[in-house]
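Reviewing the structure listed below.
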Amino acid sequence: MLFQVGRGHMMLVVSEKRNPDYARRAQRMFEAFQEEYRRFKYDYKIVYGRSIPEISRKNEYVSFVRSIQRGMEENTVRRVGPDDVRFFNRSEYILRELEDIYQKHDLDDPRMLACCQPVLNIRTHRYDTAEALMRLRLDGLGLVFPDQFIPLAEENGYIHVLTEIILSKTCEELRKLIQAGYDINRISVNVSAIELKEDAFCGDITRILDDKGIPGEKIAIELTESRRDSDFLLMKSKFSQLRERGIKFYLDDFGTGYSNMERIMELPFDIIKFDRSMLLASGSSERSHQIVVSLAHMFAALNYAVLYEGVESDSDEQMCLDMSASYLQGYKYSRPVPITELEEYCEQ
Ligand code: C2E
Ligand code: CA
Ligand code: CA
């Protein structure tokens, strides 16, 4: 059986009973495939394997193959086995829970856990800001980390509701800290670029702040760069609406992949978060070091604050201090902790 699961993506299921020499037949078919795709210049990913007893319906196979393809490079072939089926079942379970969280739209949903990583402010020598990071807590799985559920939530249109829940939980904790007299400047929340496409995006954010009685100045939004021009224009207009409320913006993961300086500077970011890969690069050669130093100095000279992520050791810290750092974040100071433990890092 052959399933088309999107352009250039097919799943081949060969019944072993009917095809005892299945491996040889499969091999011949791949060769034919690869030849066709090369000829027509389509990218392809081929997934093959024995028929799987736990999966019977065609749409389940399609979902299964999609989940495998997510982790594959273009133009590669992969044979699937029992581990892949286990991984798939786990993802399906996570996906059903995400759908349920989305449908219920309960801002106090106990399955969503807000963790927080304190950020050291170099000027004040205090942990007066932090980053909120989401986790899922599911029966039978325990804690589920973002890499295992954020791509699923993004693909299926659930991510914005997850953001609303984390923002609400973050505001709730902020309210308690402020009431107890703790010195906390703000907490940043991660937002996916696709969320900005939701018409209600700005309204949803400000409604949660209003409901919790949190001024915009106490919240920042972290966004990564986007490759598409339409996103850029959208970002610009949504930024200005939220900035009017005092919300700050961080450019996340600077130095990973794509960077368009001209566009970065057109967007009113307050803080540039240098990814850990920049720290690693800086330590790897004198030339790379010079590039990172120059970028950091340039941002600082343009009145952006530079935050280094992934500071793990004393030598990482020292390197950052020599490179225009305003804020430091990483395991050296603290792992992400449940947000209710943030007060241990704040001063009254
Ligand atoms: P990110 O925004 O770059 O978050 C930083 C990640 O680096 C976190 O992983 C954090 O635990 C990890 N980290 C912190 N300090 C260090 C360090 O010293 N060394 C190293 N190697 N890593 C460090 P986490 O929590 O697993 O989150 C992974 C990614 O998932 C985040 O990367 C972010 O892109 C996404 N994410 C997390 N929470 C949310 C959320 O609420 N909404 C959205 N849209 N994405 C989120
Ligand atoms: Ca982030
Ligand atoms: Ca980051």
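The values are calculated or read from the model by the stated rules, or taken from the named source; none is laboratory data. Only a predicted model underlies this, so the values are computations on that prediction, with no experimental measurement involved. Here the Cβ is made from the backbone with ideal geometry for all residues, glycine too, and neighbour counts use every protein chain on show. We work out accessible area using only protein heavy atoms, side chains counted, and drop any ligands, DNA or RNA first. Shrake-Rupley method; radii C 1.70, N 1.55, O 1.52, S 1.80 Å.
With point charges of +1 on the Cβ of Lys and Arg and -1 on the Cβ of Asp and Glu, referenced to the Cα centre of the chain, which listed residue (S315, C202, S188) lies farthest in the positive direction of the dipole?
C202
Just for the Cα atoms in segment 234-283, what are the lengths along the principal axes, largest first, rounded to whole Å?
The Cα atoms of segment 234-283 stretch 39, 19, 13 Å along their principal axes.
Taking all pairs of distinct Cα atoms, average 1/r, flip it, and tell me the Kirkwood hydrodynamic radius of segment 275-348 in Å to one decimal place.
Mean inverse Cα-Cα distance, inverted, gives 13.2 Å.
So if we plug the beta-carbon distance of L141 and A300 into 1/(1 + (r/R0)^6) with R0 = 45 Å, what FRET efficiency do we get, rounded to 0.05?
0.55
Roughly what % of DSSP beta bridges within segment 32-189 run antiparallel, to the nearest 5?
Expressed as a percentage, antiparallel bridges in segment 32-189 total about 60.
Which entries in the list K176/K238; K58/K197; K169/K248; K273/K332; K104/K169; K104/K236 go over 20 Å, if you measure between the two C-alpha atoms of each?
Pairs exceeding the cut-off: K176/K238; K58/K197; K104/K236.
Most mobile of M72, M319, M134 per a Gaussian network model of the chain (Cα springs, under 10 Å)?
Of M72, M319, M134, the Gaussian network model singles out M72 as fluctuating most.
Can you work out the FRET efficiency for the pair E343 and L267, with r the C-beta to C-beta distance and R0 = 25 Å, to the nearest 0.05?
Approximately 0.15, to the nearest 0.05.
What ranking, highest mean first, results for peptides 57-63, 113-119 when packing means the other Cβ atoms within 10 Å averaged over each residue?
Listed from highest to lowest mean packing, they are 113-119, 57-63.
GNM, the chain, Cα, under 10 Å: largest mean-square fluctuation among D275, D106, D314?
The residue that fluctuates most here is D314.
Got a sec to turn the phi values of segment 280-295 into Karplus ³J(HN,Hα) couplings, 6.51 cos²θ - 1.76 cosθ + 1.60 with θ = phi - 60°, whole Hz, x for Gly and Pro?
Rounded to whole hertz, the list is 5, 4, 4, x, 8, 7, 5, 5, 4, 4, 4, 5, 5, 4, 5, 4.
For D229 paired with R86, estimate the spin-label separation in nm (one decimal), with each label point 7 Å from Cα along the Cα-to-Cβ line.
According to this spin-label approximation, the distance is 4.9 nm.
Counting only protein heavy atoms and a 1.4 Å probe, tell me what percentage of the chain's accessible area is made up of carbon and sulfur.
The value for the chain is 48 percent carbon and sulfur by accessible area.
Which value in nm describes the separation of the simple spin-label points at D210 and Q34, placed 7 Å from the Cα toward the beta carbon?
Result for the modelled spin labels: 6.0 nm.
Grab the Cα-Cα distance for R50 and E99, subtract it from 0.36 nm times how many residues apart they are, and report the gain in nm with one decimal.
Once the chain is fully extended between R50 and E99, it gains 14.6 nm.
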